[in-house]
1. Give me the pairs, please: first residue somewhere in segment 107-127 and touching a residue at least 60 places away in the same chain (Cβ under 8 Å), second residue anywhere and open to solvent by less than 40 Å² (accessible area, probe 1.4 Å) and of a type in the set (Phe, Trp, Tyr), beta-carbon distance under 6 Å, and either six or more positions apart or on two chains.
2. Restricting the first residue to segment 60-84 and requiring it to be assigned to a strand (DSSP E or B), which pairs with a second residue that is open to solvent by 30 Å² or more (accessible area, probe 1.4 Å) and of a type in the set (Phe, Trp, Tyr) meet a Cβ separation below 7 Å and a spacing of at least six or different chains?
3. Residues that are in contact with a strand residue (DSSP E or B) (Cβ under 7 Å, 6 or more places away or on another chain) and at positive phi: does segment 55-71 have at least one?
4. Show me the strands (runs of 3 or more DSSP E) entirely contained within segment 5-54 in which 2 or more residues are at pLDDT 95 or above and under 20 Å from Arg74 (Cβ atoms).
5. When Gln123 is evaluated against the numbered criteria (1) open to solvent by 30 Å² or more (accessible area, probe 1.4 Å); (2) at pLDDT 90 or above; (3) under 22 Å from Ala22 (Cβ atoms); (4) not small (Gly, Ala, Ser), which criterion, by number, is the only one it fails?
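The values are calculated or read from the model by the stated rules, or taken from the named source; none is laboratory data. Because the structure is a prediction, the values reported are computed rather than measured. Here the Cβ is made from the backbone with ideal geometry for all residues, glycine too, and neighbour counts use every protein chain on show. Surface areas here come from the heavy atoms of the whole protein model, side chains and all, with no ligands, DNA or RNA. Shrake-Rupley method; radii C 1.70, N 1.55, O 1.52, S 1.80 Å.
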Amino acid sequence: MAAAAVLPSANGGMPAARLRRAELTDACALAKLYGVAEADMLAWLETGGVLLVEDGTMTALAAVRWQPTNGGWRVEQLVSLPAEQGQAYGRWLMTKLESLAIKGNVARLDVALADKDQAPYYQRLGYRAGANGDELSKRVGGVWQRQGAGP
């Protein structure tokens, strides 16, 4: 991702939030957000990806992480600071993640549901129950997008 997407502040000052792809240097902040060891987050960042929303002080507010799988990406549920829930950061993250998948010709996103009560949220975003009851899937990229397209 070349540049961060910025959500302007209401008072015209410092941006209220920005969305960007996480780097290895973000492992400590992300580990706190996810409640995992920093070493585990570093390992994740080396094999998968994380998108994060941060405020003007570079505090991680929300994130979504994924790992490549055969035929798609396995996405973990969104996480956010409790005080930041309801700010639409999750929708912003999922929209950007889907955009990255389409650009990368990734055919499918599978959301692993640790909390089944979150299923309606992802269903509103177009995810549907898959063969595994613990996952929801959405077809986002792949050859099917080009079918019927002109030269």
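1. none
2. Short answer, once both residue conditions are applied: Arg65/Trp44; Trp66/Trp73; Gln67/Trp73; Val79/Tyr34.
3. yes
4. Fully inside segment 5-54 and qualifying: 49-54.
5. For Gln123, the failing item is (3).
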